[in-house]
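Have a look at the structure below, then the notes.
The values are calculated or read from the model by the stated rules, or taken from the named source; none is laboratory data. Bear in mind the structure is a predicted one, so any value in this text is a computation, not a measurement. Counting neighbours? That spans all protein chains shown, and the Cβs are built from the backbone with ideal geometry, glycine included.
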Amino acid sequence: MSRARHVGWVFPPISTLPPGEDLIAAGADLESTTIVSAYQAGYFPMPLSRRKIGWFSPDPRGVFQAGDLQISKSLRRSLRRYRVTTNQAFEAVLTACADPGRPYGWIDRRISDAYLRLHHQGYAHSVEAWDDDGLAGGLYGLSIGGLFAGESMFHRRTDASKVALVHLVEGLGIEAQPERLLDVQWSTPHLASLGCQEIRRPDYAARLAKAIELPLSDFFPPPTIRDARD
C-alpha cells in the first residue's frame, strides 16, 4: 500500500498477492474515501493496536453466491418470529456489534466512528431483527455497486442474526443476479451452517471486479436522520 499524490492511498491489486496471507498492510487512515477505495480493491480494515490499522484480504474468502443459502426447518420457524427492517437502527446495531464484552471483540471507537460516517454518506447499511422485547439481532456492512461487504453481526435472542442474514441474501437479489456478491470476510461455523462458501483470492478478485460495476441494490432505503433505539 502506498500514498499516491492527490488521490490518497493506493492498494495493490489482490490478484498479485501471494496466496495464504490475510494481513496485507498496516497504516493509512480511516477516511471514508480510503475505506471505500479499499473495499473496491478487495481489502477491509481491522485494528492491530491502539494506533495502527491493518488491511486484510483473506485467502480463502467467505462469500455467499447464488444457490448457497441454506435454511433449516428451525430457522424457517424463526423467520416467522421476528420483524425485519433495514437502516432503521444502524447506530444501535453498530453499538451492539462493538460491545467490548463480546468474545474476540475488535470494533473500537475508530472503526465505529468511521462506519457511522459511511452510513450517513449512504455506503454503510444495517439489517435489524425485532421482537416484542426490542432489537433482537442484526448486522451491518458496506454496499458498493453489486457488492455487499458484511462487517459484523450480533444476536440477543435465538437465530436473530441468522434471520437478518437470510433477509439480506434474499433482499440483495443474488439468486436473480448471480454477479452480485455478499462478502462475509471469513467463513465461520455459524455462517457455514447457512451455506457460506470459501473461494480463493484470484476468484474473489474476478467476482469483485464484476460486482462493483453493477448498480446499487434498492434493498436499502436512504439512511434515517435519527436511528431507532431498542
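If I filter region 191-202 for residues that are among the acidic types (Asp, Glu) and touching a Phe, Trp or Tyr at 6+ places or on another chain (Cβ under 9 Å), do I get at least one hit?
Of all residues in region 191-202, those among the acidic types (Asp, Glu) come to 198.
Filter again for touching a Phe, Trp or Tyr at 6+ places or on another chain (Cβ under 9 Å), leaving 198.
Yes, region 191-202 contains a residue that is among the acidic types (Asp, Glu) and touching a Phe, Trp or Tyr at 6+ places or on another chain (Cβ under 9 Å).
Identify, please: which residue in region 206-230 is crowded, with 19+ Cβ neighbours inside 10 Å and either within 14 Å of residue 42 (Cβ to Cβ) or hydrophobic (A, V, I, L, M, F, W, C) (or both) and is, among those, modelled with the lowest pLDDT?
So the residue we want is 220.
Considering only residues that are farther than 21 Å from residue 36 by Cα and basic (Lys, Arg), which ones fall in region 74-122?
76, 77, 80, 81, 83, 102 - these are the residues of region 74-122 that are farther than 21 Å from residue 36 by Cα and basic (Lys, Arg).
Here are some residues: 170, 175, 128. Which one is among the charged types (D, E, K, R) and closer than 30 Å to residue 13 by Cβ? It would help to see each step written out before you state the result.
Details: 170 fails: closer than 30 Å to residue 13 by Cβ; 128 fails: closer than 30 Å to residue 13 by Cβ.
Sole residue among the options that is among the charged types (D, E, K, R) and closer than 30 Å to residue 13 by Cβ: 175.
Run residue 50 past the list (1) in the same structural domain as residue 158 (by TED's automatic domain parsing); (2) over 30 Å from residue 157 (Cα atoms); (3) among the basic types (Lys, Arg) and report the number of the one that doesn't hold.
Just one mismatch for residue 50, condition (1).
Please enumerate the residues belonging to region 170-190 that are modelled with pLDDT under 95 and surrounded by 23 or more Cβ atoms within 10 Å (Cβ to Cβ).
174
Given (1) closer than 23 Å to residue 128 by Cα; (2) surrounded by fewer than 17 Cβ atoms within 10 Å (Cβ to Cβ); (3) out of contact with any strand residue (DSSP E or B) (no Cβ under 9 Å at 6 or more places or on another chain), where does residue 16 come up short, assuming only one miss?
(1)
List every residue pair whose Cβ atoms lie under 7 Å apart, where the two residues are 6 or more positions apart in sequence or sit on different chains, the first residue falls within region 118-133 and is more than 16 Å from residue 154 (Cβ to Cβ), and the second residue, located anywhere, is of a type in the set (Gly, Ala, Ser) and in a strand (DSSP E or B).
These pairs meet every condition: 118/124; 123/143.
Might you let me know whether region 136-154 holds any residue that is buried (at least 21 other Cβ atoms within 10 Å of the Cβ), more than 24 Å from residue 58 (Cα to Cα) and at pLDDT 95 or above?
Looking for residues that are buried (at least 21 other Cβ atoms within 10 Å of the Cβ), more than 24 Å from residue 58 (Cα to Cα) and at pLDDT 95 or above, one finds at least one in region 136-154, hence yes.
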